[in-house]
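No value in this document is a laboratory result; all are computed from the given coordinates. This is a predicted model, so every value here is computed, not measured. Cβ placement follows ideal geometry from the backbone for every residue including glycine, while neighbour counts extend to all protein chains displayed.
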Amino acid sequence: MTGRAAVAIAALSGLLAAGASVAADEACIFDQAAQLAHYREMERRIPGARFDKAERLLTIARGVETITLSRGGCVHFGLFLTHSAPAAPGEAVPDIVFARAVALVEEFGGGELVTAEAVAEAIRNEAFERVQDGFYYLRVPGVEVFSIEWGAADGRLRVEVGYYIN
């Protein structure tokens with residue numbers, strides 16, 4: 001994971017965890033009970049899904065693929081999706097990674113905050129900034145930050161998508 005991505009991930013994870021630790025706090029803008037109910041519904045509906053309440057993380061096992069989803073927050077609301085699967089040589093290229101990122105948002109974003117079409121349009125219009133190899137910020141309407149990070153190691157391609165609102 002890149003240094004910049006690690007900072008972004010830590011910030012989003014902190015935002016999501018903050019929602020768990022202050023669930024009773026009236027200062028929370030986003031309904032904590034509704035967030036937990038959403039996770040439980042996804043766990044019930046998606047084959048192979050398991051929810052870890054302590055980590056506020058849904059893990060979905062699909063054969064050789066693993067997808068993780070973290071969503072929610074207290075003052076900031078965000079989604080963080082990761083897809084990991086075996087990769088053929090040469091698969092860690094922007095076109096394949098961007099297509100996988102759009103598919104993650106389409107299947108697991110649920111239309112919350114952004115649509116897969118808005119992400120695809122930002123990619124088509126090259127509305128992004130390459131921060132470093134394997135890490136991009138996209139300008140997607142409706143969210144404060146939208147990032148895509150990827151890397152290949154040990155024969156696996158990992159694609160991470162994160163976005164949030166204040």
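In the range 117-166, which trypsin sites (Lys or Arg not before Pro) fall in coil by DSSP and have 16 or fewer other Cβ atoms within 10 Å? Mind showing how you got there, number by number?
Details: sites: Arg124, Arg130, Arg139, Arg156, Arg158; in loops: Arg139.
Of the trypsin sites (Lys or Arg not before Pro), the ones in loops of the range 117-166 whose Cβ has at most 16 other Cβ atoms within 10 Å are Arg139.
Give the separation of the Cα centroids, the range 98-144 to the range 55-69, in Å.
Computed from Cα coordinates, the inter-centre distance equals 20 Å.
Would you work out if the range 58-132 is rounded, prolate or oblate? Take a ≥ b ≥ c from the square roots of the eigenvalues of the alpha-carbon gyration tensor; rounded if a/c is under 1.5, else prolate when a/b is larger than b/c, oblate otherwise. Could the numbers behind the result be given before it?
Details: a/c = 1.87, a/b = 1.08, b/c = 1.73.
Oblate.
Given R₀ = 30 Å, what would the calculated FRET efficiency be for Val75 paired with Glu41, taking r from the Cβ atoms and rounding to 0.05?
Details: r = 24 Å, r/R0 = 0.78.
The formula returns an efficiency of 0.80 here.
Quote the convex hull volume per residue of the range 38-166, based on C-alpha atoms, as a whole number of Å³. Walk me through the numbers on the way to the answer.
Values: hull volume 14.0 nm³, N = 129.
Roughly 109 Å³ of hull volume per residue.
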